[in-house]
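Undergrad: Pasting in a structure now, in structure tokens, and then I'll have a few things to ask.
The values are calculated or read from the model by the stated rules, or taken from the named source; none is laboratory data. Source: prediction; values computed, not measured. Here the Cβ positions follow ideal geometry from the backbone for every residue, glycine too, while neighbour counts run over all protein chains shown.
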């Protein structure tokens, strides 16, 4: 019980813990507004530079008073604020900055800030200097940075009320302030409170009766048994796991830009719930989320859960559509540091991205020292629209043995398939000369086309110069009609040629209009045509003499690519005997290919598959990074060694070995018993 009860207390402390600068409005200003002012406004509107138009924007009183045009900002009123009109470039005379308009995101941030009431901590007119030397020794005297001390247990006057040392601390403080403890709750109230606190659920009627009976015999024993029972229930992990998931910004989608589903996020959620229910030590819980992939697991299950735990670093809201990949990477790192700082240390680390922190003793060098650690960690896979990093879950030893055993068989089968396809390809020329074909042959070039059909020569086996396809667009509105001139009455075998492919339609409707009516045949164009590798038979039909619209290929009721090439009509009395032999040969080869492909699918099913999960990994050559001046990654400053927040370090500085990102060292530093903020 004790280990899990510590979890409850720690969770409560984590949720309530705040640093000196965690007011949401001030935090928004430091993270989103001050960088804009520094980069875009101070050059012309600050005490240390110029004061154009008598307007200062380097302290709160400056924008409240305004310049020649009046107050720059009206807190809470976006539309009436001259600053917004100026940055939108909608004001007749004021357009700021004059040379280049702010980005859409920057303007939105300014609008949001003013709508919040324009919170601004810069209260002093003389406090415009943006960089101040941090006095670390003075800052270390602040209570939260002091080493944890064991305090003497107070001895309150009332010796009957306290049941443990925590009660004695509380009661001692109450007695000093002349406050009396609340009266003892009755058994039913206590039962209800314990249930809601630990599981979030009310007690069942039979549980109430059972507890009341036990409480009447032995009150303390009944309470202890109840707490033990609830801590051992799955509901405990679900209840308190929700609090932790809120702290670490858990979601099932990315948010920002084009929202994408984080399909494997549930694994991290289950990891949190299971960690709470198993009574996992908090320091281990910290280490696994920051660097679980770098900590060897004693068992296969432990290896899997530690990899899953690192999903913690990738759950934040991210605009993966961002085309400037350097900014995207830095935004991800900033979000990771912000979450690590708040969830484990109770600090708003993110404010130091653009300048030394204005409230907590965190310098930009501290920030970029930790940012370098996360820069050496692979979090994103870049593409036009980037995505989060994914890693396969490790296989068990038995699964590895089976996978290795099947690997050779799969490879051999793939080789056989490749050889057979090559043999079939050799039997199928790039194109078929239309003059070499018997009977009546009409190519797509002579057909009547409705809608936009695309010409192609990509796949072998087409008749004449090309084949056409519907590009899988405008379904139901495209068709190709083949007119034929029948000179001799009789039955004709009708064939259609097409080039096969995995993206083709499996039920392509081809309608034959004959003397006895109309017949529609559905053709699977993903399969290789059985006749000469180019044609498929649609059946034999009676035709009268004259010009006819004999065959229509359409894309009605289809969802994949529809192919149209040539059609062929062969009088039943004139079908070449050599073609029948070719059909048999092709059929045998196709059948053999089908068997091999089915065998391959079965082998692949048997082979253990490892799902890819949201997880990080170290880059091959991690290195230190430069400070981004004013948070701009394209404005590089001095190179900063990877490290941690200096104000908390009291002993020798931890070293980060060459070839290591430093993530494991960061996890150990945060989880250390000597770290006063985590402890």
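Undergrad: Among the listed residues 627, 648, which satisfies the condition of being in contact with a strand residue (DSSP E or B) (Cβ under 7 Å, 6 or more places away or on another chain), in the same structural domain as residue 381 (by TED's automatic domain parsing) and crowded, with 20+ Cβ neighbours inside 10 Å?
TA: Working: 648 fails: in contact with a strand residue (DSSP E or B) (Cβ under 7 Å, 6 or more places away or on another chain).
627 is the lone residue from the list that is in contact with a strand residue (DSSP E or B) (Cβ under 7 Å, 6 or more places away or on another chain), in the same structural domain as residue 381 (by TED's automatic domain parsing) and crowded, with 20+ Cβ neighbours inside 10 Å.
Undergrad: A follow-up question, please. Taking the range 451-471, which residues are surrounded by fewer than 15 Cβ atoms within 10 Å (Cβ to Cβ), out of contact with any helix residue (DSSP H, G or I) (no Cβ under 9 Å at 6 or more places or on another chain) and farther than 19 Å from residue 502 by Cα?
TA: 452
Undergrad: So, one more: Please give the number of the condition residue 172 fails out of (1) under 47 Å from the mean Cα position of the chain (by Cα); (2) assigned to a helix (DSSP H, G or I).
TA: Every listed condition holds for residue 172 apart from (1).
Undergrad: If residue 359 meets every condition in (1) over 22 Å from residue 662 (Cα atoms); (2) assigned to a loop (DSSP other than H, G, I, E, B); (3) without any contact (Cβ under 8 Å) to a residue 60 or more places away in the chain apart from one, which number is that one?
TA: Residue 359 satisfies every listed condition except (3).
One line per residue, one yes/no per condition, for (1) surrounded by 14 or more Cβ atoms within 10 Å (Cβ to Cβ); (2) modelled with pLDDT under 80; (3) in contact with a strand residue (DSSP E or B) (Cβ under 8 Å, 6 or more places away or on another chain):
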site: 83; (1), (2), (3): yes, no, no
site: 87; (1), (2), (3): yes, no, no
site: 93; (1), (2), (3): no, yes, no
site: 130; (1), (2), (3): yes, yes, no
site: 135; (1), (2), (3): no, yes, no
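Undergrad: Scan the range 555-562 and give yes if some residue there is over 15 Å from residue 492 (Cβ atoms) and in a strand (DSSP E or B), otherwise no.
TA: yes
Undergrad: Got at least one residue in the range 436-457 being in the same structural domain as residue 566 (by TED's automatic domain parsing), assigned to a loop (DSSP other than H, G, I, E, B), within 43 Å of the chain's Cα centre (by Cα) and farther than 13 Å from residue 480 by Cβ?
TA: Taking the range 436-457 and keeping what is in the same structural domain as residue 566 (by TED's automatic domain parsing), we get 436-457.
Remaining after also requiring assigned to a loop (DSSP other than H, G, I, E, B): 437-439, 443, 447, 451-453, 457.
Among the residues that remain, those that are also within 43 Å of the chain's Cα centre (by Cα) are: 451-453, 457.
If we keep only those that are farther than 13 Å from residue 480 by Cβ too, we end up with 457.
Yes, the range 436-457 contains a residue that is in the same structural domain as residue 566 (by TED's automatic domain parsing), assigned to a loop (DSSP other than H, G, I, E, B), within 43 Å of the chain's Cα centre (by Cα) and farther than 13 Å from residue 480 by Cβ.
Undergrad: Would you check which residues across the range 324-355 are over 28 Å from residue 23 (Cβ atoms) and free of Cβ contacts under 8 Å to residues at least 40 places away in the same chain and list them? Step through it out loud before you land on a result.
TA: Going through the range 324-355, the residues over 28 Å from residue 23 (Cβ atoms) turn out to be 324-326, 328-329.
Across the range 324-355, the qualifying residue is only 324.
Undergrad: Of the residues 608, 622, which single one is part of a loop (DSSP other than H, G, I, E, B), touching a residue at least 24 places away in the same chain (Cβ under 8 Å) and in contact with a strand residue (DSSP E or B) (Cβ under 9 Å, 6 or more places away or on another chain)?
TA: Numbers: 608 fails: in contact with a strand residue (DSSP E or B) (Cβ under 9 Å, 6 or more places away or on another chain).
Result of the check over 608, 622: 622.
Undergrad: Filter the range 657-671 down to the residues that are at negative phi and either surrounded by fewer than 17 Cβ atoms within 10 Å (Cβ to Cβ) or in contact with a strand residue (DSSP E or B) (Cβ under 6 Å, 6 or more places away or on another chain) (or both) and list them by number. Break it down stepwise before answering.
TA: Pass one, the range 657-671, residues at negative phi: 657-658, 660-661, 663-671.
Selection gives 657, 658, 660, 661, 663.
Undergrad: Could you tell me which of the residues 468, 417 is part of a strand (DSSP E or B) and either under 30 Å from residue 297 (Cβ atoms) or not assigned by TED's automatic domain parsing to the domain that holds residue 307 (or both)?
TA: Working: 417 fails: part of a strand (DSSP E or B).
Unique residue meeting the criteria: 468.
Undergrad: Inside the range 630-645, can you point out the residues that are closer than 30 Å to residue 142 by Cα and out of contact with any strand residue (DSSP E or B) (no Cβ under 6 Å at 6 or more places or on another chain)? Working first, answer last.
TA: If we filter the range 630-645 for residues that are closer than 30 Å to residue 142 by Cα, which is where we start, we get 630-631, 638-645.
Hits for the range 630-645 are 630, 631, 641, 642, 643, 644, 645.
Undergrad: Now a separate question. Only one of these conditions is not met by residue 519: (1) in a loop (DSSP other than H, G, I, E, B); (2) surrounded by 14 or more Cβ atoms within 10 Å (Cβ to Cβ). Which number is it?
TA: Every condition holds for residue 519 apart from (1).
Undergrad: Among the residues of the range 154-169, how many are surrounded by 11 or more Cβ atoms within 10 Å (Cβ to Cβ) and either in contact (Cβ under 8 Å) with a residue 40 or more places away in the chain or in a loop (DSSP other than H, G, I, E, B) (or both)?
TA: 5
Undergrad: Could you check the range 630-642 and list, in sequence order, the residues that are surrounded by 12 or more Cβ atoms within 10 Å (Cβ to Cβ) and at negative phi? Break it down stepwise before answering.
TA: We begin by selecting, within the range 630-642, every residue surrounded by 12 or more Cβ atoms within 10 Å (Cβ to Cβ); these are 630-633, 635-637, 639-642.
Within the range 630-642, 632, 633, 635, 636, 637, 639, 640, 641, 642 meet the criteria.
Undergrad: Let me ask you something else. Would you confirm whether any residue within the range 357-366 is touching a strand residue (DSSP E or B) at 6+ places or on another chain (Cβ under 6 Å) and at negative phi?
TA: So the first thing to find is which residues in the range 357-366 are touching a strand residue (DSSP E or B) at 6+ places or on another chain (Cβ under 6 Å), and the list is 364-365.
Filter once more, so that each one left must be at negative phi: 364-365.
The answer is yes; a qualifying residue exists.
Here's the yes/no breakdown for (1) surrounded by 22 or more Cβ atoms within 10 Å (Cβ to Cβ); (2) within 21 Å of the chain's Cα centre (by Cα); (3) at pLDDT below 90:
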| residue | (1), (2), (3) |
| --- | --- |
| 295 | no, no, no |
| 343 | no, yes, no |
| 360 | yes, no, yes |
| 397 | no, no, yes |
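Undergrad: Turning to a different aspect of this structure: For the range 202-316, give me every one of the helices (runs of 4 or more DSSP H) that falls completely inside it and has 2 or more residues that are in contact (Cβ under 8 Å) with a residue 12 or more places away in the chain, more than 26 Å from residue 336 (Cα to Cα) and outside the structural domain of residue 376 (by TED's automatic domain parsing). Reasoning before the result, please.
TA: Working: elements: 205-217, 219-231, 234-247, 265-277, 282-291, 300-309.
Where helices (runs of 4 or more DSSP H) fall fully within the range 202-316 and carry at least 2 residues being in contact (Cβ under 8 Å) with a residue 12 or more places away in the chain, more than 26 Å from residue 336 (Cα to Cα) and outside the structural domain of residue 376 (by TED's automatic domain parsing), they are 205-217, 219-231, 234-247.
Undergrad: How do the pairs read when you match residues in the range 580-599 that are more than 15 Å from residue 418 (Cβ to Cβ) with residues anywhere that are assigned to a helix (DSSP H, G or I) and at pLDDT below 80, using Cβ under 9 Å and keeping only pairs 6 or more apart or on different chains?
TA: Cβ pairs passing all conditions: 582/427; 585/427; 586/424; 586/427; 590/424.
Undergrad: Right, here's the next one. Here is a list: 321, 329. Which entry is assigned to a loop (DSSP other than H, G, I, E, B) and within 18 Å of the chain's Cα centre (by Cα)?
TA: Working: 329 fails: assigned to a loop (DSSP other than H, G, I, E, B).
Within the list 321, 329, the selection yields 321.
Undergrad: Still on this structure, I have one more. Of the conditions (1) touching a strand residue (DSSP E or B) at 6+ places or on another chain (Cβ under 8 Å); (2) touching a residue at least 12 places away in the same chain (Cβ under 8 Å), residue 502 fails just one. Which one is it?
TA: Tallying (1) touching a strand residue (DSSP E or B) at 6+ places or on another chain (Cβ under 8 Å); (2) touching a residue at least 12 places away in the same chain (Cβ under 8 Å), residue 502 fails exactly one: (1).
Results for (1) part of a strand (DSSP E or B); (2) farther than 21 Å from residue 445 by Cα; (3) in contact with a helix residue (DSSP H, G or I) (Cβ under 6 Å, 6 or more places away or on another chain), shown as yes or no for each residue.
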position: 485; (1), (2), (3): yes, no, no
position: 488; (1), (2), (3): no, yes, no
position: 512; (1), (2), (3): yes, no, no
position: 529; (1), (2), (3): no, no, no
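Undergrad: Same structure, new question: In the range 257-273, how many residues are out of contact with any strand residue (DSSP E or B) (no Cβ under 9 Å at 6 or more places or on another chain), surrounded by 16 or more Cβ atoms within 10 Å (Cβ to Cβ) and farther than 12 Å from residue 311 by Cα?
TA: So in the range 257-273, the residues out of contact with any strand residue (DSSP E or B) (no Cβ under 9 Å at 6 or more places or on another chain) come out as 257-258, 266, 269-273.
Within this subset, residues satisfying the condition of being surrounded by 16 or more Cβ atoms within 10 Å (Cβ to Cβ) are 269, 271-273.
If we keep only those that are farther than 12 Å from residue 311 by Cα as well, we get 273.
Of the residues in the range 257-273, 1 are out of contact with any strand residue (DSSP E or B) (no Cβ under 9 Å at 6 or more places or on another chain), surrounded by 16 or more Cβ atoms within 10 Å (Cβ to Cβ) and farther than 12 Å from residue 311 by Cα.
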